[in-house]
Amino acid sequence: MTISRETVINLALALLLLAIPYAAIQLGNPFYVTLATRMAILGLAAVGLNIALGLGGLVSFGHAAFFGVGGYVAGILASHAMSMQPFNFGLFTLSGSNQMPVIWLVALVAGGLLAAAIGAISLRTSGVYFIMITLAFAQMTYYFAISWPAYGGEDGLSILIRNQFPGVNTMVPLNYFLICYAVLIAAILVSMLIRDSRFGAALQASRQNEVRVASVGIAPFRIRLAAFVISGMMTALAGALYADLNRFVSPSMLSWHMSGEFIVLIILGGVGRLYGPVAGAMLFVMFEFLLGGMTERWQFFLGLVLLGVVLFARGGLIGLLAGRARHG
Amino acid sequence: MQTALFIEQILNGLQLGVMLFLMAAGLTLIFGVMGLINLAHGSLYMVGAFACAAVAAATGSFWLGLAASLAAAAAAGAIMEILVIRRLYERDHLDQVLATFALILIFSEGTRWLFGSFPLYLDIPKLLQGTVPIPGGSRYQLYRLAIIGVGVAVAVGLFLLISKTRLGMRIRAGESDREMIGALGVDIRTLYTVVFALGAALAGLAGAMVGALQSVQVGMGEPVLILAFVVIVIGGIGSIKGALVGALLVGLVDTMGRFLLPQLFGMLMPPSQAGLVGGALASMLIYIVMAFVLAMRPQGLFPAAKG
Amino acid sequence: MVESSGPDAVLSIRDLCKSFGALKATDHVSLDLRDGEIHALIGPNGAGKSTLIHQIAGTLRPDAGEIDFLGQPVGHLGVAERARLGLGRSFQVSSLAPEFSALRNVMLAVQSRQGSSFRFFRPVMRDASLVDPAMAALERVGLKDRARIPAAELSHGERRQLEIAIALALGSRAFLLDEPMAGMGPEGSRQLTGFLDRLRGEAPILLIEHDMDAVFALADRVSVLVYGRVIASGSVDEIRNDAEVRRAYLGDPA
């Protein structure tokens, strides 16, 4: 089996991201550890989106909804654990939790349920409709978070102490990076398995030619809905990690701007590439940090760069390095 | 008193609907003719508001400001079309979304660069200050009534433009068959620029008029843009009539929901809780309506002829 | 002229109607497809042949009429469900997953035939139960050497062959082939004619074709569609000698 150039680049990217925090500590600049953690988490969110967008061709402009829901799961469970106040569901009560595995599981379920609801409606349409509807539903969650005051409303919700992971001190930045990095790598492996599986074949074929897929007896709607749900779950998991990174969650995690950024990450890295989202997240965070250090107006230049990439360099970074995408 | 409040809310709903129509009409026209989704339409709304506020502040005349908003938004739209948008017509929707998302970043930061981060304020023109009596013994802001009037006038004007004029004929031809219109010898590049600038001017007009009711600030366009998307999804993409019906529906449902839902829940639970639940539900109401319309008619209420 | 659908009819349609505005694209069409036969559907351009195929396959909904397949009504089923029952179809304009190789296009049909597409972990390219049958189907249509080429890079004729390989891999119980010879050179047409001749033993074929040599060489029965109506139906000889057909279709002044 030959190793393709893309595989080498992917491996290099994974190692590079892993090396950043160690180098940062060596150089006596621990702040970069947080930057690397941000890269890993945003990369994870985009890996999730890439399943819908890259493999399935479903341009969701509403993935902030899942990201934010994951964030709020972390924030809300932690605040209940903190105040020792259980959730009251009338018939039974449930206590909050500050254990990451529990929080992640709840975030995955909540993200999946929301994605199933949004997907079931918006996947009845396609193209521009789909873009506008996903955008609109994400905006709905945004307004809901603002107008529901129980968990901070517009002001957001703080997580006073970062949630815990069995056997690891999560307050040490490097430890938390390693947790996020491990989750990211696991998500990439899952998305690779999905890409190469029967499900992935049906999903990618639905993107290329919906009629063909139906006429061999596979209903595209169900395939797409499942992909949308998986995609939403991963992005929700990223949201939970992000809330714990910042120890804060607010409606801004649900904003349309966030959804736009996730798409940008994928485009910067390369659509449909396994490591495209990671490459994009690394570029984006670096760009934000470097330009943001030079000028307050960094988003202006980000806009220009993005415009340039869309108009002139459609393969993104991995496209630039590894050449055109290949399908076996 | 309750009747007066009710009428006032209905008028507020109409005013919101009319403003959404100005946004949605441009968006749907651009989609219908060029097949393009433009996220930066909200930026043109913002450009109109800033141009109006800046010129009004400099000259002391709201009317000059209003003229400036139309000119600035149309010009910004034309430049946008020539430099960027026309490279996107043949691209897929993903590229259109990204490029116009990039334009939002450029416009927002550019405006912040020019005008600073503080909001501008725009006064209601003298001629339209004050209130008029409405049934039920209350009074209503004249300026808001004027906005409704402008919206109705624009709607009538657009229908006449599209059904009666040469430009309208070309627009209709362009919607049904892009190649035919080229074969007819119409300069399609100019047509597209004109349509885009027209849509931009409508957005700019909406921004300028609303600017006197709210503060003029960066980021004001996108929430309105997303509401306009809801309008288009409900009305059926590419249809001006759908945009009108959808806009009024969304304007009324949103306004009346915020007004009535807390009262409705007030009958079932204590007032503080009712305000909370009602308010939260009201903020989601139009999206629920949208979901409902989609479940019934995935192509919207007035699907454009070409599907 | 109305046919009774015999007991061995695999596919039978009755009184199918479809209008687009004032245009009657399908006007009370009844016909059937029997085990082991090639039933050719001919007619001038715009006669409604493809519209008919679309309705049988499920991509268009008829306004009225019934479609029975393997003895059960399928008119209410979607495209995917009809395909799973065994309606294999090739398109007038090739419809393939363009980025996928020929092999992967066929593998998609194999995986559908095997049941669930909701399998997330096993890589398809290392799954012999997918690759082997797909390769076998490609070999039967003579595309084995082109298995790894993306569909978008195949020649026009090769795409037609690929469509048939997909229908084969589906284990179709009936084939709906919409102009499979179009765009093929004489050699390709000759080979495909031979292939279809053998294929009918496996499952009957409803064949739309403009190539009259192929039709007359292959068809057990021919139905002639003009302005959405079946004006004649019978054996090749009957159709050749039918006055109305000669007038309406073959342009014979008789």
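The values are calculated or read from the model by the stated rules, or taken from the named source; none is laboratory data. Just so you know, these numbers come straight off a predicted model, no measurement behind them. Counting neighbours? That spans all protein chains shown, and the Cβs are built from the backbone with ideal geometry, glycine included.
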Given the options B:Leu5, B:Leu27, B:Leu39, name the one that is assigned to a helix (DSSP H, G or I), under 14 Å from the mean Cα position of the chain (by Cα) and in contact (Cβ under 8 Å) with a residue 40 or more places away in the chain. B:Leu27
Please work out if A:Phe262 is touching a residue at least 12 places away in the same chain (Cβ under 8 Å) and either at the interface with chain B (Cβ under 9 Å from one of its Cβ atoms) or part of a helix (DSSP H, G or I) (or both). yes
Of residues in the range C:29-53 being closer than 26 Å to A:Glu210 by Cβ and among the hydroxyl-bearing types (Ser, Thr, Tyr), the one surrounded by the most Cβ atoms within 10 Å (Cβ to Cβ): C:Thr51
Only one of (1) at pLDDT 95 or above; (2) out of contact with any strand residue (DSSP E or B) (no Cβ under 8 Å at 6 or more places or on another chain) is not met by A:Leu265, so which one is it? (1)
Considering only residues of the range C:140-169 that are small (Gly, Ala, Ser) and in contact with a helix residue (DSSP H, G or I) (Cβ under 8 Å, 6 or more places away or on another chain), which is nearest to C:Ala80 (Cα to Cα)? C:Ala167
From the list B:Gly211, B:Gly221, pick out the single residue that is crowded, with 24+ Cβ neighbours inside 10 Å, within 29 Å of A:Ala150 (Cα to Cα), away from every other protein chain (no Cβ under 11 Å) and not β-branched (Val, Ile, Thr). B:Gly221
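Matching residues to (1) touching a residue at least 60 places away in the same chain (Cβ under 8 Å); (2) in a strand (DSSP E or B); (3) farther than 25 Å from B:Ala197 by Cβ:
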| position | (1), (2), (3) |
| --- | --- |
| B:Ala99 | no, no, no |
| B:Ala102 | no, no, no |
| B:Ser108 | yes, no, no |
| B:Ile124 | yes, no, yes |
When the residues of the range A:124-148 are narrowed to those that are aliphatic (A, V, I, L, M) and surrounded by fewer than 22 Cβ atoms within 10 Å (Cβ to Cβ), which ends up nearest to the other protein chains (Cβ to nearest Cβ)? A:Val128
Out of C:Glu158, C:Glu209, C:Glu153, report the one residue that is more than 20 Å from C:Arg84 (Cβ to Cβ), touching a strand residue (DSSP E or B) at 6+ places or on another chain (Cβ under 9 Å) and charged (D, E, K, R). C:Glu209
Evaluate the range B:162-183: report whether one residue or more is under 24 Å from the mean Cα position of the chain (by Cα), at pLDDT below 90, farther than 27 Å from B:Asn38 by Cα and polar (S, T, N, Q). no
Inside the range C:170-250, counting only strands (runs of 3 or more DSSP E) that do not spill past its ends, which hold 1 or more residues that are within 14 Å of chain A (Cβ to nearest Cβ) and surrounded by 17 or more Cβ atoms within 10 Å (Cβ to Cβ)? C:174-178
Please state which one of C:Ile13, C:Ile67, C:Ile56 is within 13 Å of the chain's Cα centre (by Cα) and crowded, with 18+ Cβ neighbours inside 10 Å. C:Ile56
For the range C:76-99, give me the residue count where each residue is closer than 17 Å to C:Glu158 by Cβ and either more than 8 Å from chain A (Cβ to nearest Cβ) or within 22 Å of the chain's Cα centre (by Cα) (or both). 9
Of the residues in the range B:83-139, those that are small (Gly, Ala, Ser), more than 30 Å from B:Asn12 (Cβ to Cβ) and facing chain A (nearest Cβ under 8 Å) number 3
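Table: residues versus (1) touching a Cys at 6+ places or on another chain (Cβ under 7 Å); (2) surrounded by fewer than 24 Cβ atoms within 10 Å (Cβ to Cβ); (3) modelled with pLDDT of 95 or more.
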position: B:Thr3; (1), (2), (3): no, yes, no
position: B:Asn12; (1), (2), (3): no, yes, no
position: B:Asn38; (1), (2), (3): no, no, no
position: B:Ser43; (1), (2), (3): no, no, yes
position: B:Val47; (1), (2), (3): no, no, yes
position: B:Phe50; (1), (2), (3): no, no, yes
position: B:Ala56; (1), (2), (3): no, no, no
position: B:Ile82; (1), (2), (3): no, yes, no
Within the range C:128-136, is even one residue surrounded by fewer than 17 Cβ atoms within 10 Å (Cβ to Cβ), outside the structural domain of C:Ser189 (by TED's automatic domain parsing), within 14 Å of A:Arg198 (Cβ to Cβ) and of a type outside the set (Val, Ile, Thr)? yes
Could we say that B:Gly110 is more than 27 Å from A:Trp256 (Cα to Cα) and of a type outside the set (A, V, I, L, M) here? no
If a residue counts only when it is under 20 Å from A:Tyr181 (Cβ atoms), free of Cβ contacts under 8 Å to residues at least 40 places away in the same chain and more than 20 Å from the chain's Cα centre (by Cα), which helices (runs of 4 or more DSSP H) contained entirely in the range A:30-135 have at least 2 such residues? A:31-50
Could you tell me which residue of the range A:246-259 is farthest from the chain's Cα centre (by Cα), considering only residues that are away from every other protein chain (no Cβ under 13 Å) and surrounded by 24 or more Cβ atoms within 10 Å (Cβ to Cβ)? A:Val249
Positions within the range C:198-232 being acidic (Asp, Glu) and touching a residue at least 40 places away in the same chain (Cβ under 8 Å), in sequence order: C:Glu209, C:Asp220
Of the residues in the range A:149-169 that are surrounded by fewer than 17 Cβ atoms within 10 Å (Cβ to Cβ) and part of a loop (DSSP other than H, G, I, E, B), the one that is farthest from the other protein chains (Cβ to nearest Cβ) is A:Asn169
Which residue pairs have Cβ atoms closer than 7 Å, lie 6 or more positions apart in sequence or on different chains, and pair a first residue in the range C:117-130 that is free of Cβ contacts under 8 Å to residues at least 60 places away in the same chain and within 7 Å of another protein chain (Cβ to nearest Cβ) with a second residue that is surrounded by fewer than 16 Cβ atoms within 10 Å (Cβ to Cβ) and assigned to a loop (DSSP other than H, G, I, E, B)? C:Met125/A:Gly328
Restricting attention to the range C:192-204, does a residue exist that is over 20 Å from C:Leu41 (Cβ atoms) and charged (D, E, K, R)? yes
Of the residues in the range C:77-93, how many are surrounded by 22 or more Cβ atoms within 10 Å (Cβ to Cβ) and either more than 22 Å from C:Ala182 (Cα to Cα) or hydroxyl-bearing (Ser, Thr, Tyr) (or both)? 4
In the range B:268-299, what residues are under 17 Å from B:Leu248 (Cα atoms), more than 7 Å from chain A (Cβ to nearest Cβ) and aliphatic (A, V, I, L, M)? B:Ala282, B:Leu285, B:Ile286, B:Ile288, B:Val289, B:Val293
